[in-house]
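Written out below as structure tokens is the structure these notes cover.
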Amino acid sequence: MVFPVRDIDETQAPLLDHLIELRTRLLRSIAALAIAFFVCLYFASDIFGFLVRPLTEAFPPGQGKLVYTKLYEAFFVELKVALFAAFFVSFPVIANQMWAFVAPGLYAKEKKAFLPFLVATPVLFTCGASLAYFVVMPTAFKWMLGFQGEKGGLSVEALPAAGDYLGLVMQFVLAFGISFLLPVLLLLLNRAGIVTRQQLTGMRRYVIVAITAIAAIITPPDLMSQILLLVPMWLLFEGSLVVMWFGERRDAKAAAAEGQSTELTVTPDA
């Protein structure tokens, strides 16, 4: 993606022109999502096979199976898989359209300050989703399947439905991906002057309690998943404070350098 960094536009377009441009950007975003959906629908079985792999590895070799209890469930599962994958595929185009609509109203300094957050958002979301897929889901599924066995003389066997499993995978991926955007939110609030590093440091204990509550709500009810989300979110919070500290030092040095240059340009009276 190309993000031209120019100063704010001097022209003042009428409200109708802005609405027309907004409609154009939305239509392009919807078109990109629709094209990605049909492409992903063709590969929906392969994508779903990729999403099923953590469950396959959690089962003993050759014993796992997915079932569907409604005749139309498998079809709708493929539609959901295609839409889920299409959003990730089309996100660069959607983000580019959002940026193209917002950027003309920003100053060059504001554009340069906002661009790192625009780049960091998909990177952090991907890191969170990868943690969920490669670490959390295999661990959680093995723990959940551990309840199989003999109970009161009856055999207890896990027969997960395809639709329920897809919903669980989406919950894991979205929960971890969105939670990993915590640094973006905190740093944006800090840049906007809404919160300071000192305020966040003073509220550390309350933030940890809030993170614990969020991890307990958005993850499945097993303790391991909650811990595996709680610890990275806490580390991301601490990392955000470190980034803010470096930013404060950089701003202080820039202000000091600007003050010195101003003093040098002032000539004493004769």
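The values are calculated or read from the model by the stated rules, or taken from the named source; none is laboratory data. What you see is a predicted model; the values in this text were computed from it and never measured. Heads up, the Cβs are rebuilt from the backbone with ideal geometry, glycines too, and the neighbour counts pull from every protein chain shown. Surface accessibility is based on the protein's heavy atoms, side chains included, excluding ligands, DNA and RNA. Shrake-Rupley method; radii C 1.70, N 1.55, O 1.52, S 1.80 Å.
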For this session: Select from the range 69-113 the residues that are among the aromatic types (Phe, Trp, Tyr) and surrounded by fewer than 17 Cβ atoms within 10 Å (Cβ to Cβ) and write down the one among them that is nearest to the chain's Cα centre (by Cα).
Result: 88
For this session: Can you tell me which residue among 227, 194, 217 is modelled with pLDDT under 90 and within 19 Å of residue 249 (Cα to Cα)?
Result: 194
Exercise. Mind checking which residues of the range 208-225 are open to solvent by 40 Å² or more (accessible area, probe 1.4 Å) and part of a helix (DSSP H, G or I)?
Worked result: 208, 209, 210, 212, 213, 214, 216, 217, 218, 223, 224
Exercise. Considering 165, 133, which residue is under 25 Å from residue 82 (Cβ atoms), touching a Pro at 6+ places or on another chain (Cβ under 7 Å), open to solvent by less than 50 Å² (accessible area, probe 1.4 Å) and at pLDDT 90 or above?
Worked result: 133
Problem set entry | the range 51-62: number of residues that are open to solvent by 90 Å² or more (accessible area, probe 1.4 Å) and either at pLDDT 95 or above or assigned to a helix (DSSP H, G or I) (or both) | 2
Seminar exercise, completed: Those helices (runs of 4 or more DSSP H) completely within the range 135-192 that have 2 or more residues that are closer than 18 Å to residue 211 by Cα and under 16 Å from the mean Cα position of the chain (by Cα) are 162-179, 182-191
Problem set entry | For residue 222: the one exception among (1) modelled with pLDDT under 90; (2) out of contact with any helix residue (DSSP H, G or I) (no Cβ under 6 Å at 6 or more places or on another chain) | (2)
Exercise. Which one of 19, 66, 15 is crowded, with 17+ Cβ neighbours inside 10 Å and modelled with pLDDT under 95?
Worked result: 66
Problem set entry | Any pair with Cβ under 6 angstrom, 6 or more apart, that starts in the range 57-80 at a residue that is within 28 Å of residue 37 (Cα to Cα) and ends at one that is in a loop (DSSP other than H, G, I, E, B) and open to solvent by 60 Å² or more (accessible area, probe 1.4 Å) | 67/159; 74/68
Problem set entry | Of the criteria (1) at pLDDT below 90; (2) out of contact with any Lys or Arg (no Cβ under 7 Å at 6 or more places or on another chain), which one residue 176 fails | (1)
For this session: Kindly list the number of the only condition in (1) exposed (fewer than 13 other Cβ atoms within 10 Å of the Cβ); (2) of a type outside the set (A, V, I, L, M); (3) under 27 Å from residue 123 (Cα atoms); (4) at pLDDT 85 or above that fails for residue 202.
Result: (3)
